[in-house]
Amino acid sequence: MRVAVFAGSASGASPRYREAAIELGRGLAGAGVGIVYGGGHVGLMGAVADACLAAGGEVIGVMPRALVEREIAHRGLTDLQVTETMHERKAAMAEQADAFVALPGGAGTLEELFEVWTWQHLAIHTKPVAVLEVDGFWRPLLDALDTMTGNGFLKPELRSTLLVASDSASLLARAKAWQPRAPKWAGGPDPAAPPRP
Ligand code: AMP
């Protein structure tokens, strides 16, 4: 098994974020689970990769050529795959992963998380998607998702597919127990939608 990890290229304001990244990397390695990630040496990306490698785990980095220097590619990985574009990077990460998890991060982390989560809704893939909660970091985002659901923009059955884990053990337990649901449009027209004129 291999988990794609999305994570900030910064370390964040609290040491708790870095500690959580280290626990995740170490925990995945200990469980015999590999990591595929963006290939950076910096921030939480570097922390999770270093911890997994130090614990004997497999870490595959995937980075677009233009970012190899700017994001300071990690040179000690099991494998560093260089792509031409960001889109190829995300596709290569998605193909090689069995599950996805986002550590705290910024706009790039959110972009990666929301692509794989919405693609799961559309049944483009059938892999579990999770956030790793650290000191309530994801609470405002989860609240925003609940606001979308309460206002009819995000179906409750899709809202509930985003897993929330607090450590590597609960992440793996949830990912392994996860069952894909029917794709968003499989049931025909939305029964909650108003009748057509
Ligand atoms: P950040 O969370 O902004 O620190 O970014 C973390 C990771 O997301 C880094 O590996 C970035 O290369 C990646 N990233 C940034 N912007 C994008 C984007 N538009 N699409 C995909 N990945 C991105």
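The table for this structure:
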{"item": "Residue among 152, 27, 43 with the largest mean-square fluctuation in a Gaussian network model of the chain, springs linking Cα atoms under 10 Å", "result": "152"}
{"item": "Dipole magnitude of the chain about its Cα centre (Cβ charges: Lys, Arg +1; Asp, Glu -1), debye to nearest 20", "result": "340"}
{"item": "Sparsely packed chymotrypsin sites (Phe, Trp or Tyr not before Pro) within region 91-156, loop by DSSP, other Cβ within 10 Å at most 16", "result": "153"}
{"item": "Farthest positive-ward along the chain dipole, Cα basis, beta-carbon charges - from 134, 124, 102", "result": "124"}
{"item": "Whole-number Å³ per residue for the convex hull built on Cα positions in region 96-174", "result": "97"}
{"item": "Most mobile listed residue (167, 146, 50) in the chain, GNM with C-alpha springs under 10 Å", "result": "146"}
{"item": "Exposure rank, largest accessible area first [176, 90; 1.4 Å]", "result": "176, 90"}
{"item": "Per-bin percent of Cα-Cα distances, the chain [10 Å]", "result": "9, 37, 34, 15, 5, 1, 0"}
{"item": "Rounded, prolate or oblate (a/c below 1.5 giving rounded, otherwise prolate when a/b exceeds b/c) for region 1-41 by Cα gyration tensor", "result": "oblate"}
{"item": "Candidate residues 35, 22, 72: accessible-area rank, largest first, probe 1.4 Å", "result": "72, 22, 35"}
{"item": "Between region 110-149 and region 45-108, the Cα center-to-center distance that results, in Å", "result": "19"}
{"item": "For residue 35, residues with placed amide H under 5 Å, excluding near neighbours", "result": "3, 58, 59, 60"}
{"item": "Anisotropy class of region 132-180 from Cα gyration tensor, a/c 1.5 cut", "result": "oblate"}
{"item": "Ellipticity estimate at 222 nm from DSSP helix runs (n ≥ 4, -39,500 (n - 2.57)) divided over the chain, nearest 500", "result": "-13000 deg cm²/dmol"}
{"item": "Over region 2-176, relative contact order from alpha-carbon pairs under 8 Å, at least 6 apart, %", "result": "22"}
{"item": "Residue of 63, 45, 86 that the Gaussian network model of the chain assigns the largest fluctuation, springs spanning Cα pairs under 10 Å", "result": "86"}
{"item": "Lys pairs, the chain - Cα-Cα below 16 angstrom, 8 or more residues apart or on other chains", "result": "4"}
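The values are calculated or read from the model by the stated rules, or taken from the named source; none is laboratory data. Please read these numbers as outputs of a predicted model, since none were measured by experiment. Note that each Cβ is placed from the backbone with ideal geometry, even for glycine, and that neighbours are counted across all protein chains shown. Note: areas computed on protein heavy atoms with side chains; ligands, DNA, RNA excluded. Shrake-Rupley method; radii C 1.70, N 1.55, O 1.52, S 1.80 Å.
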